[in-house]
Structures are given as structure tokens and as C-alpha cells.
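Everything on this sheet refers to the single structure shown next.
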Amino acid sequence: MSILVESMSRIVLPKYTIRVWRQEDEGYEHTPGLYTDLESVARANETDKPVELAKKIIALPRVNAVEVLDWDLGGCVLYSEWP
């Protein structure tokens, strides 16, 4: 059986809450705070509209999906090509 492992990171900004799913290998162990590239792109572009912000995050390595929600819990989800 083949298993696909993804990590999920949550980033909270003043305007948005972002969740990012990233492809990992089968030996993945969660370590808090190890998403500095995700967080730095999110913070550098936090004034963008949700779809534009999600496009910048999904361009990062191994990112499979990005969800950007505003404080009314509306927003968008972008998916990359599945591995």
C-alpha cells in the first residue's frame, strides 16, 4: 500500500488565517515552528487579496494546497498538481 503524507501548517495574520498542506516523506515527524519559508511569504504579502496570496504560497516547494480565509471564514483554496 502506498501512503501519501502531508504536513499541515497554520499561519494567522491580521486579515487572514492560512493553512498549507505540504508533501512529506513517510518518515515525517511534526516539529513545531519549522515553516519559516511559508510564514515569511505569507507575512511579506499579507495585504494581497486571498487568491494572489495563495498563488505565492503554492509556488513554494512541496506545497499541495493552500487555504486563505478572512475573519468571516470566507476565502479560497488552491491546489497544485497532485504528486
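The values are calculated or read from the model by the stated rules, or taken from the named source; none is laboratory data. This one's a predicted model, so the numbers in the text were calculated from it and none came from an experiment. Cβ atoms come from the backbone with ideal geometry, glycine included; neighbour counts cover every protein chain shown.
Looking only at the stretch 29-59, how many residues end up being farther than 22 Å from V5 by Cα, of a type in the set (G, A, S) and more than 10 Å from the chain's Cα centre (by Cα)?
Of the residues in the stretch 29-59, 2 are farther than 22 Å from V5 by Cα, of a type in the set (G, A, S) and more than 10 Å from the chain's Cα centre (by Cα).
Show me the strands (runs of 3 or more DSSP E) found entirely inside the chain where at least 1 residues are out of contact with any Cys (no Cβ under 6 Å at 6 or more places or on another chain) and without any contact (Cβ under 8 Å) to a residue 24 or more places away in the chain.
Answer list for the chain: 5-12, 75-79.
From the list E46, E81, exactly one residue is among the acidic types (D, E), on the phi < 0 side of the Ramachandran plot and at pLDDT below 95. Which is it?
E81
Which number in (1) within 18 Å of Y79 (Cα to Cα); (2) surrounded by fewer than 12 Cβ atoms within 10 Å (Cβ to Cβ); (3) of a type outside the set (K, R) marks the one condition that N64 misses?
For N64, the exception is condition (2).
Of T17, T36, T47, T31, which residue is in contact with a strand residue (DSSP E or B) (Cβ under 7 Å, 6 or more places away or on another chain) and of a type in the set (S, T, N, Q)?
After ruling out the rest, the residue left standing is T17.
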